[in-house]
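The values are calculated or read from the model by the stated rules, or taken from the named source; none is laboratory data. Note that the structure is predicted; figures quoted are calculated from it, not measured. All Cβ positions, glycine included, derive from the backbone under ideal geometry; neighbour counts span all protein chains shown. What goes into the accessible areas is simple: the full protein's heavy atoms, side chains included, and nothing from ligands, DNA or RNA. Shrake-Rupley method; radii C 1.70, N 1.55, O 1.52, S 1.80 Å.
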Amino acid sequence: MNTPPPWGKKKKPADPEEFLADLIQKVRDFFEERSGKEPKKKEPAPEGGGSEGGGFAAGAGKIALIIAALFLLRGVFACFYTIEPGEQGIVLRFGQYSRTAGPGLNFKIPYMEDMIRVDVETVRKEEFGLQKTVRSSGDDSESLMLTGDKNVIDVAWIVQYKIKDPYQYLFKVSNVAQAVRDNSETVIRRIVGNMDFDYVLGNRITLADMGRQELQRDLNKLETGVDIVTLQLLDVTPTDEVKPAFNDVNAADQDMKRLINEAEQEYNKVIPEAKGTANKMIEEARGYAAQRINDAKGETARFKAIAAEYEKAKEVTRQRMYLETMQSVLPQVRQLYIMDSGAQPALPFLNLNGAGDDRPQQPVPFHPAQEAVTR
C-alpha cells in the first residue's frame, strides 16, 4: 500500500470538461460573493462507477451553457453595423431582399438577416480597343468597324459608369461589367455602321453623345442598376492598310480648304471695296440729280414769277429785261459799232479800248434802243 505524500494527493492534468466546469464555478462564486451570498462548497465526487454518468451530464450542460452565452453575445454584437459614406447596404432576410440601408449606424436581426455592402461612389471603367485586344470569335480586333459607305475604321473608346441601384446591380444581372461591355460594343457598332467614313472622322463628340444615350437606354431595359457617367471616343483612325491613301486625301482636303480660305479672304477684301465705290457713285449721282432738280425748280419758280410780273406790265417789264440784259452784256463787248437805221455801211471808229489789237472788228447790229442809250 502506497503512502500518499505529505503535501497532498498529486492532481492529474484536467480534461476540457473539468476545466470548463471549474471556470463556470468560479464565475458563479464571483457573482454570489458580489451579491452577499456564500459560495457553495464544491462537494467531492463520490467514488464508484455510479457517479461517472452524472458528472458527464453536468459537464455537457455547462459546455452548452457557455456555447449559448457566446452565441448570444455574438448575436448582440451582430445586431448593429455601420455603412460608410459612399456605400449602401442591401439587407437580406433569410436570403430574400428586405431593404436598402443608407450610410450611418443601422440595425438588423441577428442570424436572420445578412447585409451586403455596395460601393455606389466609385466610377468603374471599361476600355475598348486601347490594348488592341483580340475577340474570341475571330482574329478581328474589337475596335475594327464597318462604316455606312463600306469602309473599315478603327475606333477606340472608354465607358465610365457608377452604380445607382444596388438591388438591380446585385440581383437582376449576373455580370454587370460584361453586360456593359457587350451593349457598349453593340451601340457603337450600330452608330458607326449608319454613318459615312468622313462623318465618323469629323464628329466624334456627337457620336459619343449619341452612344451614351442609347447605351443608357439599353442598360435601363436590362435593369443593370448602373448610370453611364461618360462615353468618349478616344481614337478614330483608318486602318493601317489605308492610312497612306487617307493621308494623301487628307492633305488634298487641307489644300482645298486653304485655297477656299484664300479665295474668301480675297473676296472679303475686293467685294466690300467695290460695293463701297458703287455706293459712293450712286450717292453722288443722287446728289447731282437732286441738285439739278432743285435748280430746275428754282429756275421754273423764277420764270413763273417773272411771267406773272410780265403779265401785269408787259412794256415796262420788257424794257427792264432788255436793259438788264444790255447791262450784263455790254461790259464784255470790246468793239462797239453804232449803226444808223438808214445807213447801210458800217461807220469806222477809233479803237479806244484795245490799242494794237489788229483783229478784225465785227459790226454790232444796230437797234433803235441802242440809239436811245447812246443819246
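Quick one: if the Förster radius is 56 Å, what FRET efficiency do residue 84 and residue 240 give, using the C-beta to C-beta distance and rounding to 0.05?
0.70
Checking every one of the chymotrypsin sites (Phe, Trp or Tyr not before Pro) in region 90-189 against DSSP loop status and a limit of 14 other Cβ atoms within 10 Å picks out 94, 111. Computed over protein heavy atoms with a 1.4 Å probe, the accessible surface of region 84-224 works out to 56 Å² per residue. Under the simplified labelling scheme, the residue 255-residue 190 pair shows an inter-label distance of 4.2 nm, with each label point 7 Å from Cα along Cα→Cβ. Between residue 280 and residue 307, the C-beta separation translates, for a Förster distance of 30 Å, into a calculated FRET efficiency of about 0.15.
Using the Cβ-Cβ distance between residue 116 and residue 26 with R0 set to 41 Å, the FRET efficiency works out to roughly 0.45.
Given a 1.4 Å probe and every protein chain left where it sits, what share in percent of the accessible area of region 158-216 is carbon and sulfur? That fraction is 43 percent. Modelled spin-label separation between residue 332 and residue 198, with each label point placed 7 Å from Cα along the Cα-to-Cβ direction: 7.4 nm.
With θ taken as phi - 60° and the Karplus curve 6.51 cos²θ - 1.76 cosθ + 1.60 applied, the whole-hertz 3J(HN,Hα) list for region 312-317 is 6, 9, 5, 5, 5, 5 Hz, x standing for glycine and proline.
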